[in-house]
1. Taking the stretch 7-28 only, how many residues are within 13 Å of residue 163 (Cα to Cα) and crowded, with 24+ Cβ neighbours inside 10 Å?
2. Sort through 40, 75, 46 and tell me the only one that's over 22 Å from residue 235 (Cα atoms), in contact with a Ser or Thr (Cβ under 9 Å, 6 or more places away or on another chain) and away from ligand 2 (no atom under 16 Å from the Cβ).
3. Pick out the one residue from 43, 80 that is touching a residue at least 40 places away in the same chain (Cβ under 8 Å) and touching a Phe, Trp or Tyr at 6+ places or on another chain (Cβ under 8 Å).
4. Please specify each residue of the stretch 109-128 satisfying the condition of being in a strand (DSSP E or B), of a type outside the set (S, T, N, Q) and either without any contact (Cβ under 8 Å) to a residue 24 or more places away in the chain or more than 14 Å from ligand 1 (Cβ to nearest atom) (or both).
5. Go through the stretch 173-205 and report how many residues are under 17 Å from residue 163 (Cβ atoms) and aliphatic (A, V, I, L, M).
6. Starting from residues that are at pLDDT below 70 and crowded, with 17+ Cβ neighbours inside 10 Å, keep the ones in the stretch 276-293 and report whichever is nearest to residue 212 (Cα to Cα).
7. Regarding residue 131, is this residue touching a Phe, Trp or Tyr at 6+ places or on another chain (Cβ under 6 Å), in contact (Cβ under 8 Å) with a residue 12 or more places away in the chain and among the charged types (D, E, K, R)?
8. Can you tell me which residues in the stretch 229-242 are in contact (Cβ under 8 Å) with a residue 24 or more places away in the chain and either open to solvent by 10 Å² or more (accessible area, probe 1.4 Å) or assigned to a helix (DSSP H, G or I) (or both)?
Amino acid sequence: VVKELLENAIDAGATSIVVEVERGGQRLIRVSDDGEGIPAGEVALAFARHSTSKLRTVDDLNAITTLGFRGEALASIASVARLSISTATAGADHGSRLETGARGEPLITPAAHPRGTTVEVRDLFFNTPARRKFLRAERTEFGHCEEVVRRLALARFDAGFTLRHNHKPVFSLRACTGVAEREQRLATLCGAPFLESALAVEVEASGVMLRGWVAQPSFSRSQSDLQYFFVNGRIVRDRLVAHAIRQAYRDVLYHDRHPAYVLYLDIDPMLVDVNVHPTKIEVRFRDSREVHQAVRHAIENALAAPRAGAVLAALPATAAHAASATEISVNFEQNRPPALIPRAQAAMQFDAPLGHPVADLGALWGQPRPPEREGVSTSGTPEGAEPPTWQSPASGTPDSPQAWLLYPSPSPRDP
Ligand code: ADP
Ligand code: MG
């Protein structure tokens, strides 16, 4: 529920989102946003099953840029909880409030609300005791809620997120405008030790842009719990990608340790199919080999570069930091390793125009979204580019990348 409501807020262009949870979400989940709101005449429609405002033409299906598009979430939530929506669009005389009546019928009344939408979900599974029984302890359920907010907050540095549980603040993150704020958010969400050991990655190859942070092998985990990979702003757990990253760490991590990373892949939406898995956590790349290689090489390079300056570790911390930054940029100039850029320098590049085909690229990093979705299908493919083709997979052993090409995303893995 939290995920669906948050995604709707993001899709509405919200820049500030407040999530309030009570009793692990069972008593209350309330998500307020300052997005575009729902016009009074469409509020009832928003509840109807299979109704969405996010697909306008058939072509939109080939280049999905919103997080939702199935039109099922609100209808499903309304069937298992007490749901209400208050909403207003910019310039409207008044907002509207929608609740479900005793027999599940929608009741709409005028209501005061600033531009944006507040969705309230109370008494989850009140009418389905069998499902309520499967809710875990309050702390566990809240942990899931928090993880969902964390993922979205890592995906969208351009929006502010506030999370409260039982009226207590958990975190409050302002929309990020620069690298310091992004790093601050990273430290809040992933912990300061992760940030301290993080190497910035930024590489662009064959129309694929990969950036973000990977932890040095000295900061590894006993679980795969600090692994975030976003494709065009959408969190993904993809076997192909996981395999590529594991391969990159192969020589530097014990096999029972897990790397930590927060990575963002931006790719022409025409070259990736987000429609493979119902919860959209898996994707299928048109050219999986290319993506596998790009990811693996970028991380290998990031991990390899600082080892060249390992002697610097003996210096006092601040001196070592300054020196290693210089060292790395000298390396960067001389050897042009494609992936490793000192954090500060990477920051400047993140903010620079990238001339990249992906329309929504800037959005991740705190630049405003393009105003409208129109033109998505045309802005997707760079002019003169070949139409996307499915790579014919080469044969390979089960553990080779080629094997993953044959079966890019075989099964849902996320709980
Ligand atoms: P989907 O997101 O797949 O379209 P949902 O059931 O989640 O389906 O939402 C149905 C519709 O309700 C959306 O298409 C959108 O028009 C509207 N809606 C839902 N939440 C919001 C929100 N926070 N702000 C603006 N519109 C919203
Ligand atoms: Mg939705």
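1. Counting residues in the stretch 7-28 that are within 13 Å of residue 163 (Cα to Cα) and crowded, with 24+ Cβ neighbours inside 10 Å gives 3.
2. From the options 40, 75, 46, the qualifying one is 40.
3. The unique qualifying residue is 80.
4. 110, 111, 122
5. Summing the residues that are under 17 Å from residue 163 (Cβ atoms) and aliphatic (A, V, I, L, M) in the stretch 173-205 gives 5.
6. 280
7. Taking the combined requirement at face value, the residue satisfies it.
8. Once the filter is applied, which keeps residues that are in contact (Cβ under 8 Å) with a residue 24 or more places away in the chain and either open to solvent by 10 Å² or more (accessible area, probe 1.4 Å) or assigned to a helix (DSSP H, G or I) (or both), the stretch 229-242 yields 232, 233, 234, 235, 237, 239, 240, 241.
The values are calculated or read from the model by the stated rules, or taken from the named source; none is laboratory data. All of these numbers come straight from a predicted model, not from anything done at the bench. In this analysis, Cβ positions are derived from the backbone assuming ideal geometry, glycine residues included, and neighbour counts consider all displayed protein chains. These accessible areas exclude ligands, DNA and RNA; they are computed on the full protein's heavy atoms, side chains included. Shrake-Rupley method; radii C 1.70, N 1.55, O 1.52, S 1.80 Å.
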